[in-house]
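The values are calculated or read from the model by the stated rules, or taken from the named source; none is laboratory data. Fair warning: this is a prediction, and the values are worked out from it, not measured in the lab. Reconstructed Cβ throughout: ideal geometry from the backbone, glycine too, with neighbour counts over all protein chains shown. Protein only, heavy atoms only, side chains kept; ligands, DNA and RNA dropped before computing areas. Shrake-Rupley method; radii C 1.70, N 1.55, O 1.52, S 1.80 Å.
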Amino acid sequence: MRWYHMTILLLALAPPASAGPLPDGGVTAKEVADVMTSKDFPAEIATDKDGDPLVRSTVKDFKFGVFFYGCHGKPRCDSIQFSAGFSLKGVTPEKVAQWNRTKRFGRAWLDDQSDPWVEMDMDLEHGATTEAVANDLDRWVGVVTEFNKFINK
């Protein structure tokens, strides 16, 4: 097979390019939702109690939200935070501290009802790519899955 036939074959088999630059100043809820839906995640755009954007979704039967910070009344926000809470009693502050001591990604805490939460931040103030957001979404799936296993041990 000649090199140009191989090139054409490889181009035909390659997945479509979906990575694109995000401008300085952060990201919009629509951009995050588009990345999520391109990876087959449901994405419902809403607003949080402060009026900032929020994208609701699920992963492996766990509900989670993507909260937006540093919006300053504009559609583009400086950073996002993946966040998931679990209705599970009996998780101790010591268990949460153990997670925070031993895990690099995903910060855990207990709410006022002693339910465990895990969160992960992404700074987008000085630009990023849709590929970087997709990569952090994949990382989040690993974090929330591992956290669920950890708190249920």
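Within the range 63-90, the set of residues being open to solvent by less than 50 Å² (accessible area, probe 1.4 Å), within 18 Å of D24 (Cα to Cα) and among the hydroxyl-bearing types (S, T, Y) comprises just one member, S79.
Quick one: in the range 53-62, of everything that is modelled with pLDDT of 95 or more and surrounded by 14 or more Cβ atoms within 10 Å (Cβ to Cβ), which residue is nearest to W140 (Cα to Cα)? Break it down stepwise before answering.
Of the residues in the range 53-62, the ones modelled with pLDDT of 95 or more are 53-58.
Applying the additional criterion that residues be surrounded by 14 or more Cβ atoms within 10 Å (Cβ to Cβ) yields 53-57.
Values: P53: 19, L54: 16, V55: 14, R56: 14, S57: 12 Å.
Out of the qualifying residues, it is S57.
Here is the figure for the range 103-127: residues that are in contact with a strand residue (DSSP E or B) (Cβ under 7 Å, 6 or more places away or on another chain) and on the phi > 0 side of the Ramachandran plot total 2. Here V91 meets each of (1) of a type in the set (A, V, I, L, M); (2) over 14 Å from the mean Cα position of the chain (by Cα); (3) part of a helix (DSSP H, G or I) with one exception, condition (3). The residues in the range 118-153 that are closer than 30 Å to G25 by Cα, among the charged types (D, E, K, R) and not in a helix (DSSP H, G or I) can be counted, and the count is 4. Looking at the range 54-81 only, could you name the residues that are in contact with a Ser or Thr (Cβ under 9 Å, 6 or more places away or on another chain), free of Cβ contacts under 8 Å to residues at least 60 places away in the same chain and part of a strand (DSSP E or B)? Scanning the range 54-81 gives L54, K63, G65, V66, F67, F68, Y69, C77. Scanning the range 24-53 for residues that are within 12 Å of K74 (Cβ to Cβ) and touching a residue at least 60 places away in the same chain (Cβ under 8 Å) yields G25, G26, V27.
Of all residues in the range 91-101, exactly one satisfies the criterion of being open to solvent by less than 80 Å² (accessible area, probe 1.4 Å), in contact (Cβ under 8 Å) with a residue 12 or more places away in the chain and of a type outside the set (A, V, I, L, M, F, W, C), namely K95. Considering the range 39-52, the residues that are under 16 Å from the mean Cα position of the chain (by Cα) and buried (at least 16 other Cβ atoms within 10 Å of the Cβ) include one that is farthest from V141 (Cα to Cα), namely A43.
For the range 63-82, the condition holds for at least one residue, the condition being that it is modelled with pLDDT under 95, out of contact with any Pro (no Cβ under 7 Å at 6 or more places or on another chain) and over 18 Å from G127 (Cβ atoms). Applying the criterion of being at pLDDT 95 or above and open to solvent by 60 Å² or more (accessible area, probe 1.4 Å) to the residues of the range 18-38, the residue that is nearest to G85 (Cα to Cα) is T37.
With respect to the conditions (1) open to solvent by 40 Å² or more (accessible area, probe 1.4 Å); (2) without any contact (Cβ under 8 Å) to a residue 24 or more places away in the chain; (3) more than 19 Å from P21 (Cα to Cα), N135 lacks only one, and its number is (3). Checking each residue of the range 102-117 against the condition of being part of a strand (DSSP E or B), surrounded by 15 or more Cβ atoms within 10 Å (Cβ to Cβ) and at pLDDT below 95 gives no match.
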